[in-house]
Amino acid sequence: MPELPEMENCKILLNQKIAGKRITNVIINREKSINVKAAEFLKKVKERKIETVDRRAKHLLLYLDNGYVLLLHLMLGGWMYYGTVKDKPDRSVQIQLSFGRQHLYFIGLRLGYLHLFTKEEVKKELAGLGPEPLAANFTFDTFSDLIENRRGMIKTTLVNQEFLSGIGNRYSDEIAWHAQLLPERTMNDLDSNEKRQLYQSIRFILQQAIQCGGYMDQPLFIGDTKTGGYEANMYVYNRAGEACKRCSALIVKEEISSRKTFYCKGCQR
Ligand SMILES: [Zn+2]
């Protein structure tokens, strides 16, 4: 499932492509992917301009010029492609937003969705989410307060969206490796140096992943050389049996609270 860096990458690239553009047509092939009747969706979205694309946690928010917002969550297996009919990937498309001859295709939306809300509704919808780990006001002190009474493991706490936004299975492993902490360690058992290291690793790994374009394996458009650049840089995720980049011990894969977890027994404590 795409996490914060992948969605941030999509946000940056989509803003370059569709911000300020008018949606000339809308095609809904799967009504389950939207939250209102198709006719209402069309009425409120067609002919509207995209003001801007924003991100919150693993969601993208497409702000329309009539005060409505399209809230996207790709969930597992969802992705997007932007291009002409000729470039369209040979996959079934659940929703299509057209911008003249260019189209934004939403593909693989089974659990994923594109919901229509007012700004007020979308605020409520996202109200339960924890802070954004890359926000300027997410300081070490904020983080320290958040984890003070946390008895959960690093792995399960980092992926908890009410605790912190945007981190999933993949980046939680990368962060724990970078912080040299075992994913099963409990939060309130960390000493102050470990807490500081964990905080710095959260910021470092997410920022690095964004700079490298995240891990999504499909480009967003023809000539997109940014998307997916982080896959080759993964430290532990999907690298079971390979040598640790820090200590050369073999990376192991284990289930922790029924979540696939990759880590190094050699250098994570
Ligand atoms: Zn190691």
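The values are calculated or read from the model by the stated rules, or taken from the named source; none is laboratory data. The shown structure was predicted, so the numbers you read here are calculated from the model rather than taken from an experiment. All Cβ positions, even for glycine, are placed from backbone atoms using ideal geometry, and neighbour counts span all protein chains on display. These area figures cover heavy atoms from the full protein model, side chains too; ligands, DNA and RNA do not enter into them. Shrake-Rupley method; radii C 1.70, N 1.55, O 1.52, S 1.80 Å.
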Looking at the range 176-216, which of the residues that are touching a Pro at 6+ places or on another chain (Cβ under 9 Å) and among the β-branched types (Val, Ile, Thr) is nearest to Asn137 (Cα to Cα)?
Ile202
Scanning the range 83-110 residue by residue, those in contact (Cβ under 8 Å) with a residue 60 or more places away in the chain and either open to solvent by less than 10 Å² (accessible area, probe 1.4 Å) or assigned to a loop (DSSP other than H, G, I, E, B) (or both) turn out to be Gly83, Asp87, Pro89, Ser92, Ile95, Leu97, Ser98, Gly100, Leu104, Phe106, Leu109
Take the residues of the range 32-53 that are within 27 Å of the chain's Cα centre (by Cα) and assigned to a helix (DSSP H, G or I): which is farthest from Thr118 (Cα to Cα)?
Lys32
Do the conditions hold for Tyr235, that is, is it part of a strand (DSSP E or B) and within 14 Å of the ligand (Cβ to nearest atom)?
no
Looking only at the range 129-169, count how many residues are small (Gly, Ala, Ser) and buried (at least 17 other Cβ atoms within 10 Å of the Cβ).
3
Considering only the range 143-171, how many residues are assigned to a helix (DSSP H, G or I) and free of Cβ contacts under 8 Å to residues at least 60 places away in the same chain?
8
Positions within the range 1-32 being open to solvent by less than 50 Å² (accessible area, probe 1.4 Å), closer than 30 Å to Asp173 by Cβ and touching a residue at least 60 places away in the same chain (Cβ under 8 Å), in sequence order
Pro2, Glu3, Leu4, Pro5, Glu6, Met7, Glu8, Asn9, Cys10, Leu13, Leu14
Quickly run through the range 248-269 and pick out the residues that are more than 8 Å from the ligand (Cβ to nearest atom) and part of a strand (DSSP E or B).
Leu250, Val252, Lys253, Glu254, Glu255, Ile256, Arg259, Lys260, Thr261, Phe262, Tyr263
Being out of contact with any strand residue (DSSP E or B) (no Cβ under 8 Å at 6 or more places or on another chain) and of a type in the set (Ser, Thr, Tyr) narrows Thr157, Thr84 down to just Thr157
Do we find that Leu72 is under 30 Å from Leu198 (Cβ atoms), in contact (Cβ under 8 Å) with a residue 24 or more places away in the chain, touching a helix residue (DSSP H, G or I) at 6+ places or on another chain (Cβ under 9 Å) and in a strand (DSSP E or B) in this structure?
yes
